[in-house]
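Got a structure for you, written out below as C-alpha cells; questions coming shortly.
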Amino acid sequence: MLDLFAGDEPWEEPLAGGATILRRFAREEAAALMMEIHGLAQQAPFRHMVTPGGHIMSVAMTNCGSVGWSTNQHGYLYSPRDAQTGQPWPQIPAAFRALSDRASLAAGYPNFEPDACLINRYAPGTKLSLHQDKDEPNLGQPIVSVSLGLPAVFQFGGLQRSDRLKRVMLEHGDVVVWGGASRLFYHGILPLKPGFHPLTDTFRYNLTFRKAS
Ligand code: SIN
Ligand code: FE2
C-alpha cells in the first residue's frame, strides 16, 4: 500500500468519537522510556496477576504512580501499595508524565492528570481479552496508551461487548488516546506474534496512563 507518511513525522488517525491514534508519537523518547521501565521493574517486578475468577493473566504487569492497578479474589482495584513487595508503587517518572501530557494535549484532552500508570509486558502468544477500563471513578478523564517494541493487533469496539470491532496494528511509538464518547469502549490485544525488536527484544510493552483516584 502506498504510504504517504513514510517519513519521520508522527501523524494522527481518528479511531472513534473521542479516540485517536497518534502514530509514532513516542518514537524519539522510546529508548529513554525503556530505560525507565527496566529501572521501575527492579523496584516493582513484573508479575502475572490472577483474575478474581482464578485465571493467571498472560500479560505480565507492574505499575507506577500514587496508586497501581491490581487484582484480588474479589475484583480489580487501585491500591497505593504493591501487594507483592509491601512497598508503595514507584513514582511516575518525569519522562512518562511529559509524554502523557504531550499526547493528551495532542488528542484534545488538555486537562488530563494521570496518577496511575499500568505497565504491560507481552511475550509471544500473550493476549489481553476484550475489556472495558472502568475501575476509575473519574470517567471524564481519558486513557493514554503507549506501545513500545513488537507490533500487536489492537481491537477497539463499542459500549457493548458484542459491538463490531475495529482491528488496528499498533507499532513501536504509537499512542492511543480514548475518552469522551469512547471512554468505556471495549478493547483488547490479540495474541502477540513472535519477533525481535532492537529496543525490547522479544517483547511488546504498553504503558496506560489513567486518573484513578
Ligand atoms: C490495556 O488495555 O490495558 C492495554 C492495551 C494495550 O496493551 O495496547
Ligand atoms: Fe484496557
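Values quoted throughout were computed directly from the atomic coordinates according to the rules given, and no laboratory measurement underlies them. Just so it is clear, the model here is predicted, and its values are computed rather than measured. All Cβ positions, glycine included, derive from the backbone under ideal geometry; neighbour counts span all protein chains shown.
Please tell me the relative contact order of the stretch 65-196 in percent, rounded to the nearest whole number, where contacts are Cα pairs under 8 Å and at least six residues apart. Working shown, then result.
Values: 230 pairs, mean separation 33.3, N = 132.
Answer for the stretch 65-196 is 25 percent.
So what J values fall out for the stretch 169-179 if you push phi through Karplus, 6.51 cos²θ - 1.76 cosθ + 1.60 with θ = phi - 60°, rounded to Hz, Gly and Pro as x?
7, 9, 10, 3, x, 6, 10, 10, 10, 9, x
Here's another thing I want to ask about it. Semi-axes of the stretch 49-106's equivalent ellipsoid from the Cα gyration tensor, sqrt of 5 times each eigenvalue, largest first, rounded to whole Å?
25, 14, 10
Moving on. With 5 Å bins from zero, work out the P(r) of the chain over every alpha carbon pair and list the percent per bin.
Histogramming the chain at 5 Å steps yields 1, 7, 15, 20, 22, 19, 10, 3, 1, 0, 0 percent.
May I ask you to sort Ser79, Ser104 by Cβ crowding, counting other Cβ atoms within 10 Å and putting the fewest first? Mind dumping the intermediate values first?
On the way: Ser79 15, Ser104 24.
Final ranking by Cβ density, sparse to dense: Ser79, Ser104.
Quick one: compute a quarter of the convex hull surface over the Cα atoms of the stretch 84-201 and quote it in nm².
For the stretch 84-201, the mean projected area of the Cα convex hull comes to 8.5 nm².
³J(HN,Hα) across the stretch 33-49 via Karplus (A = 6.51, B = -1.76, C = 1.60, θ = phi - 60°), whole Hz, x for Gly/Pro?
5, 5, 4, 5, 4, 5, x, 4, 5, 6, 8, 10, x, 4, 8, 9, 6
Let me ask another. Would you mind computing the Rg to Rh ratio of the stretch 160-208 from its alpha-carbon coordinates, Kirkwood style for Rh?
1.01
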